[in-house]
Amino acid sequence: MSSLERKREKHSPFTLNPDPRMKTSAEIVTEARHSLRTLRTQRPFTPRDDHRQLFGETSRAQDGRPPSTFSLYAWNFEAPDSRPGSGTRLSPLEHKPRLPVAQDEDPDPVSPMALPKPPSDQLELKRGAVGARARLFRAGSLTTLPPVARPTEVRESVNSDSSPEQRELSAKGRGRRAPYVEPTDQERRNKDSGGPSKPAPPRTNSISGLRFHGGVDSSIRPGEGTGAGAKTELGTELGNGDRPASQEAEDESVVWNVKIFPLLQELESIAAGGSEDAVERLCDACDCLHGALAEHGMLGRRCRKRAGLLRALFCLIDLNSAQLNLQLAKLTLELNVSGKNLLNICKLIFKISRSESNDILFQNNSIIDSLLCVLRCEDVCVSGEAVLYCVGTLKFLSGNSTLLRLLLAKDCVGVATLLIQKLHPLSQPDHTQFTIGGHIHVQLTATLRNLADLPESRPLFVSHGTLTELCLVLRHHHGDQDICTNIARVFSKLSSYSECCLVLAQTPGCFTLFIELLSRHQWKQDLVVRLLFTLGNLTSRSSEARKHLFTAEGCMSVLLGLYHTYHGRWDPPPAHTPRTPPARDTCNPRTPFLGWRESKDVLVKLVRVLANMSIHPAVGPTLAANTDLIHYLLDTLELRSMQESEELLVNVAATINNLSFYQEDSSVVRDRGLTVAKLLLKLLLSSSMDGMLEATRVFGNLSQSREVCDFIIQNKVHQFVVTLLDSKSPEVCFSACGVLTNLALNPPSRTTLTQEGAHTKLADCLRDFGPVDWQLAGLVCQTLWNLTEEGGTETGPPSTMNNQEREALLEVLTLYLNKEDALQWTSGDDMRDFHRLCWEMEFLPVAQRLRDRIQTQTD
């Protein structure tokens, strides 16, 4: 059988066949059915997280982690610079600034150097500002358009006893603003020619009239910034192409006056009106504004009035509409905000995504594209918290099946993989951003966990190299249970498919990493069970994986330690009694409580790994000689019942079957064969067909021992085995024939089987399954050959068939030995070739010998 295993290892789906020659007929037939088998099991259930929050209640330390709940208002956003910095270092001005006057002096109310007076009660003013935000839909809460007033009118409207900031706060409290006044023709001519300019109006929270303190004129009013002053300020800078920057500024001003400013006026009027459909109209206006900016190339940081535009958009956030805020967030991100504004926008989107009722808004909005762009472009060292809330939003959205497919279509897997690569430098424990990097990994791996549910995601995980990157994350964050559990869930889902198994098994150090994680987190049941499930999938498909896992440092000690831990703590409740919590390990107060179902699930996956490893010809004999392993397996058979743990006992029996195949002198299974046979009786006599089948297979190997054969006859196990020949399952009949073949080698047992009518049942089995399973037909003929061996005992009659049984058997053999008649039921060229090989290699030689013997006995 070692030769057979080498052939199976050579033709493993995980490696290319180094031998270009075609398989021989014998190899094809031999590989079609083999004694050693891998085991299947169900993937661990992934619970649904009904609470949309960044972190679980007990998953991470509460101190220092970003919050999931917060409030955002317009005043949380910073005023952006009116234009990007030139990058030129300026020399200091050679003048002495005026010192502030004493408080008892009366400063010049119109002097540009007059300093503002601080508010007398900041808390009272702050409460007034909040109250104003709460009344945004009332008349006057969002002020009317800013006045483009004459200088004299502006001076008349200014209170000489107040500073500009005090006048601004006073205006907010009153909720009033002077009406819009159309500038005169002379004022327009002065502006166009760079003539006298009027003083700037006071700073307000108006949608269309917000200004910066100082700097170039950043007002978003129409008609400004296009004269000689603008040309002087811009100098000879070149914009796109070869056109002077001053010409581009003039063109932009025209677009602003014709396209952009009217839209801002519309936003102002809708917000001030407070109608029932105000939100819908504001969203439509924002769409039009976005389209106009995009059409004329004014998105990003290319708009010279970007500062005022952003401030105007921020004012609308206080309307507290999720639909509108999502529109504003999309437009704001398109304007390439950074710093605190980027963080607050990401937090705003995160806040909206926390409610499942808002999922429909993300389906009808391209905001997901903007979020993915943030993940692609932002520096995690600079904007780590913004990236965290951005990924947290994607995690929430991936819980919606429709949005999950949308994320997959937008290559969220590729973006996530790129972000993982950008986070690798932060994964050193001494890095200042290590903590925020770990927080981002929690959200990112949870998102990938949801994406892994879709079958269409498997090629993307493979092509982007995501599985290899996740293994690297495990190495860097091996102590973080949240990250390890999320990645283990990804692996448990994807390892059920061959192409993903191939990539994972070929990742350097993969098996050593898994063993280290199992050792470190042995009490984290949901992590342990998924790692074991993944290892079971890898070892079920690759002979190399079985060997690499077995040779990984500390493999058997860790696996046997897990067996001891979970087997020893498993105490299922008695029937018809209330369940009581399992005891905690008193030696380790940090040990979590483990229920018997959780422990059983771990043991099922663990035994499957052991069974799959034992198939390798270099690993199986070593495992069969491991006293501790055999002790745990037999202890499980003895202490557990089929009613409470059928899958576990079936897996244990399959493992013992694989180990019993190796008949070396060092085999503990061989030495304790009689004990194993006694323990398997409860599986053989159970109502579980899987249990009966596995027990019969083990008896097929153990029955090579004379001691076990005597036990089978004495306990009338042979009667049950003969009954199994009536089964309609070829696998059950094949296993039963294996036991009967070994029993028939002993003359006393041969006579006993003849008396049980084994000949007749075997002939019926040959007639029923021969045309569809020539391997089974060949084994039936071998069993009949052993049964028809001449010779009896002093205590019983010769083991010969009567004439009627011989004639029936000869009729079937004659029919099937005719090649044309034997293969006429086979359809398809491929299947016909396979059945022909099986018929020639497995059935024909032994059937011809059996027919000759039966004819001789008849004569």
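The values are calculated or read from the model by the stated rules, or taken from the named source; none is laboratory data. Computed from a predicted model, the values in this text were never measured in an experiment. Neighbour counts are summed over all protein chains in view; Cβ atoms, including those assigned to glycine, are modelled from backbone coordinates with ideal geometry. We work out accessible area using only protein heavy atoms, side chains counted, and drop any ligands, DNA or RNA first. Shrake-Rupley method; radii C 1.70, N 1.55, O 1.52, S 1.80 Å.
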Considering residues of region 398-445 that are among the hydroxyl-bearing types (Ser, Thr, Tyr) and without any contact (Cβ under 8 Å) to a residue 60 or more places away in the chain only, the residue farthest from Ser370 (Cα to Cα) | Thr432
Among the residues of region 627-643, is any modelled with pLDDT under 95 and among the small types (Gly, Ala, Ser)?
-> yes
Condition test on Leu375, is it open to solvent by less than 50 Å² (accessible area, probe 1.4 Å), within 26 Å of Leu326 (Cα to Cα) and in a helix (DSSP H, G or I)?
-> yes
Would region 378-396 turn up any residue that is crowded, with 24+ Cβ neighbours inside 10 Å, closer than 27 Å to Ala278 by Cβ, out of contact with any strand residue (DSSP E or B) (no Cβ under 9 Å at 6 or more places or on another chain) and of a type outside the set (Gly, Ala, Ser)?
-> yes
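Criterion first (part of a helix (DSSP H, G or I), surrounded by 22 or more Cβ atoms within 10 Å (Cβ to Cβ) and among the β-branched types (Val, Ile, Thr)) does Thr741 satisfy it?
Here the answer is no, as Thr741 does not meet what is asked.
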Ile713: passes all of (1) surrounded by 23 or more Cβ atoms within 10 Å (Cβ to Cβ); (2) in contact with a Pro (Cβ under 9 Å, 6 or more places away or on another chain) but (1)
Mind checking which residues of region 457-484 are open to solvent by 10 Å² or more (accessible area, probe 1.4 Å) and polar (S, T, N, Q)?
-> Ser463, Thr468, Gln481
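Tell me which residues, restricted to region 260-286, are out of contact with any helix residue (DSSP H, G or I) (no Cβ under 7 Å at 6 or more places or on another chain) and open to solvent by 40 Å² or more (accessible area, probe 1.4 Å).
Of all residues in region 260-286, those out of contact with any helix residue (DSSP H, G or I) (no Cβ under 7 Å at 6 or more places or on another chain) come to 261-262, 265, 268-269, 272-277, 280, 284.
Correct list: Pro262, Gln265, Ser269, Gly273, Ser275, Glu276, Asp277, Glu280, Asp284.
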Over region 511-561, the set of residues in a helix (DSSP H, G or I) and among the small types (Gly, Ala, Ser) is Ser519, Gly536, Ser540, Ser543, Ala545, Ser557, Gly561
Scan of region 301-312 for residues that are out of contact with any Gly (no Cβ under 7 Å at 6 or more places or on another chain), open to solvent by 10 Å² or more (accessible area, probe 1.4 Å) and part of a loop (DSSP other than H, G, I, E, B), ordered by number = Arg301, Arg302, Lys305
Residue list for region 308-341, filter: charged (D, E, K, R) and over 22 Å from Glu385 (Cβ atoms) | Arg311, Asp318
Kindly indicate which of Lys351, Lys347 is assigned to a helix (DSSP H, G or I), in contact with a helix residue (DSSP H, G or I) (Cβ under 7 Å, 6 or more places away or on another chain) and basic (Lys, Arg).
-> Lys347
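Does Gln323 meet the test of being open to solvent by 40 Å² or more (accessible area, probe 1.4 Å) and modelled with pLDDT of 90 or more?
yes
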Residue identified as over 25 Å from Ile436 (Cβ atoms) and not in a helix (DSSP H, G or I) among Asn336, Asn365, Asn358 | Asn365
Quickly run through region 493-528 and pick out the residues that are open to solvent by less than 10 Å² (accessible area, probe 1.4 Å), touching a residue at least 60 places away in the same chain (Cβ under 8 Å) and over 16 Å from the mean Cα position of the chain (by Cα).
-> Val528
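Residue-wise test of (1) of a type in the set (Lys, Arg); (2) in contact with a helix residue (DSSP H, G or I) (Cβ under 7 Å, 6 or more places away or on another chain); (3) at pLDDT 95 or above; (4) over 23 Å from Leu559 (Cβ atoms).
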residue: Leu407; (1), (2), (3), (4): no, yes, yes, yes
residue: Gln433; (1), (2), (3), (4): no, yes, no, yes
residue: Thr445; (1), (2), (3), (4): no, yes, yes, yes
residue: Leu451; (1), (2), (3), (4): no, yes, yes, yes
residue: Leu460; (1), (2), (3), (4): no, yes, yes, yes
residue: Thr466; (1), (2), (3), (4): no, yes, yes, yes
residue: Gly509; (1), (2), (3), (4): no, no, no, no
